[in-house]
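The structure under discussion appears below in the form of C-alpha cells.
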Amino acid sequence: MAGLTSVLLKELRATLRGSRAALLITVYVGLALIGGRLVFNAVTGQLGMGPPLFAAQVGQAIFVGLVLALQALSVFLAPATTVNGVSAEYERRTVELLAATPLTPAWLLLGKLLTGIAFVLLLLIAALPLFSLVYLFGGVGVADLARVLAVMLGSAIAGATLGLFCSALTRQTYAATLLCYALLVALVGGTLLAANFWSLTNAMLPAPPAYVAANPLSAIGAALARTRPPEVVSPETLRPVAALSLLTQGVLVEAQGGRVVLPLYRVSLVIYGAASLLLFWLSLHLVRPRRRWALTRDDLVMLIISVAFLLVVLLARPWWQAGLGG
C-alpha cells in the first residue's frame, strides 16, 4: 500500500504542477459552456415560431447540450491522462530504477490509472457549477444528473485504462497515442456508421442495440432520453436534440405504436467494466521487462476480482438486459 501511495503522490504532483492542468480545466469548462450557450441560443431564437416553450423545456435542452459537450470532451481527454504512463518511464530510462525498488507492476499501473481517473473526476467536478444554469429553468432532476455522471465516469475509466494499455503495449508515447486514438475513433465512428448503414439498408428501421452498445456517445444519448425535450424547434435551424437522433439510432425499438429509447447505458456500463478489467490485466503482463506471461499472485487477485464482477453482472442481469430490449 505504501508503494501505491508513493506513486499516487508522485503522479499527482507531476499532473497538477504547472499551468497545463489549469489550462485543460479552463478549456474543458469553457467548451462545455459554449456548447450550452449555443443550445440556449438555438432554443430561444425560435420563440414565437412554433408552439410555446416552457421553462422546463429550455432547461432540458441546455442540459442535453452541456452533457453531450462534456461527454465528447471526456471521451477524448480520458486516454490522454494515461497514454504516456508506461512509455514515459521507458523514454526517461527510469524503468531500471523502478525495477530495483520494492514497487510491483500492479501498484505502479494502479497508481498511474488512479491519477488519470482523479484528473478526469476533477474536470467533471469543475464543470458541475454549469448545471446550476439548468436548475434555474427546471425540467431536470438529481436522478437525471446522477445517471449521466455515472455514464461519463464509467466511460472515462474505460478510456483511461485503454490509454494505459496502449502505453504498456507500445512503450512509446507517440505510437501509443496513435494507436489509442485510432481505436477510439474506430469505436465511436465505426459503430455509429454501422448502425446508420443498417438502418439505411433496412427501410430506416432502428438498428439492433448491440451495434452501439459499446459507443460512449450512444450510451450518453440513451441516458439523456428521459430528459429529451419535445421537438419544438424548426428543422431549418440547429435543434437542441439533433445529435440524439443520430446517437440513439441503435437504441430505438418499436413499441405501442411508437419508438421507445432503451436504457442502453446499463449495457454500456457493464461493457466498460469488463473492458477495464481485461485491459488492466493485460497491461500487468505487458509492463514486465521479462517473463511477461508468467503467472503471479497479481493474476490470482485479478481472477478473483473478475469472478466477483461476473457474479455481480449475472445477478443484475434483468437490470442491464433491459438495455437490449430483453
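For segment 103-116, backbone phi angles converted through the Karplus equation (6.51, -1.76, 1.60; θ = phi - 60°) give residue-by-residue couplings of 5, 8, x, 5, 5, 4, 5, 5, x, 5, 5, 5, 5, x Hz, Gly and Pro being listed as x. Converting phi to 3J(HN,Hα) with the Karplus coefficients 6.51, -1.76 and 1.60 and the offset θ = phi - 60°, segment 123-131 yields 4, 5, 5, 5, 8, 4, x, 4, 6 Hz in sequence order, with x at every glycine or proline. Across segment 153-167, rounded Karplus estimates of 3J(HN,Hα) from the backbone phi angles (6.51 cos²θ - 1.76 cosθ + 1.60, θ = phi - 60°) give 5, x, 5, 5, 5, 5, x, 5, 5, 4, x, 5, 5, 4, 5 Hz, Gly and Pro being marked x.
Under 5 Å between amide hydrogens, built in the peptide plane, is the criterion, and for VAL251 it picks out nothing among residues at least 5 positions away or on other chains.
We did not get these values from a lab; they are worked out from the coordinates using the rules stated. Source: prediction; values computed, not measured.
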